[in-house]
1. Using a/c under 1.5 as the rounded threshold, could you call segment 1-113 rounded, prolate or oblate? The axes a ≥ b ≥ c are square roots of the C-alpha gyration tensor eigenvalues, and prolate needs a/b larger than b/c, oblate otherwise.
2. Using the alpha-carbon atoms, what tilt in degrees (0 to 90, nearest 10) does helix 123-136 show relative to the longest principal axis of the chain?
3. When the helices in the chain are scored as -39500 (n - 2.57) per DSSP H run of 4 or longer and the sum is shared across all residues, what 222 nm value do you end up with, to the nearest 500 deg cm²/dmol?
4. For 3, 99, 247, what ranking results if the residue with the fewest other Cβ atoms within 10 Å of its Cβ goes first?
5. Ranking request for peptides 55-66, 112-123: highest mean number of other beta-carbon atoms within 10 Å first, then the rest in descending order.
6. Tell me, what is the FRET efficiency for residue 106 and residue 21 to the nearest 0.05, using R0 = 45 angstrom and their Cβ-Cβ distance as r?
7. Counting other C-beta atoms within 10 Å, which of 48, 240 has the fewest, and how do the rest follow?
8. Report, to the nearest 10°, how far helix 183-200 tilts away from the longest principal axis of the Cα atoms in the chain, using its own Cα long axis and a range of 0 to 90°.
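Derivation of every value follows stated rules applied to the coordinates shown; laboratory data play no part. Note that this is a predicted model, so its numbers are computed, not measured. No Cβ is skipped: glycine too gets one built from the backbone with ideal geometry, and neighbour counts run over all protein chains shown.
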Ligand SMILES: Nc1ncnc2c1ncn2[C@@H]1O[C@H](COP(=O)(O)OP(=O)(O)OP(=O)(O)O)[C@@H](O)[C@H]1O
């Protein structure tokens, strides 16, 4: 049997929220959950607000500590790698490029930044990689001198994708990265991500509250509800015969919303 790229076992998270009558209080954000992600595979993590999606994503990229459980990357514990090494394996794209991209940096500087902090590349090598990555995401070398306010929303999200690619990661987590985009830009970014997946063999984790958005691009799906993993399986199976009543309701509600539009 081949080793999965990412293997998460009994991962849980509880946040300390303060004291009540001298006792420590916690918010159980994630009950122990287990799942795997293969090379080149796309996993959708869906759930309503507060279900624990972002907590899980933040733990995977090392921005949050887990409370218990184990994360293996290519058969080795992720904990055994430092943050710099983790950055190279798993990168994240966020919902709003207007907040995730520093407006004071040029596009070239934004793309160079991960290389500057995480590699020993020379200025020339960094510049070559910036140009090459701009090309990969459908932008021009000249865009390196632009600032975020000078480009369109779609181009900004392309820059966010480019920034995620700079360290040649194996997994990209897109945390609601398509949600705020208007429909035509959304399909352009989605096509770009699918093209990059083919070209670079990337694995994706799409984190979204919107089942319909991730349905056609994911291989498998996990449904979180109040921090519990209540359903997981191949997308088609989950949509055709959901095991959990909550999933069936979510599918029915969101399909109704799409029909109304
Ligand atoms: N830093 C924190 N301290 C305490 N509780 C937190 C913290 N961050 C998240 N939580 C709680 O953990 C739970 C899961 O939150 P999380 O943000 O992961 O959910 P989500 O599904 O990503 O929601 P959204 O779509 O609104 O971002 C929620 O109850 C939230 O209030």
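1. Details: a/c = 1.84, a/b = 1.17, b/c = 1.57.
Oblate, because a/c is 1.5 or more while a/b does not exceed b/c.
2. 60
3. Details: 10 runs with 104 residues, N = 261.
Mean residue ellipticity, 222 nm, calculated: -12000 deg cm²/dmol.
4. Values: 3 13, 99 9, 247 22.
Placing the least packed residue first, the sequence is 99, 3, 247.
5. Values: 55-66: 19.6, 112-123: 14.0.
Order by mean packing, descending: 55-66, 112-123.
6. Numbers: r = 54 Å, r/R0 = 1.20.
Efficiency computed from Cβ-Cβ geometry: 0.25.
7. Values: 48 13, 240 9.
The order, fewest Cβ neighbours first, is 240, 48.
8. With both axes taken from Cα atoms, the answer is about 80 degrees.
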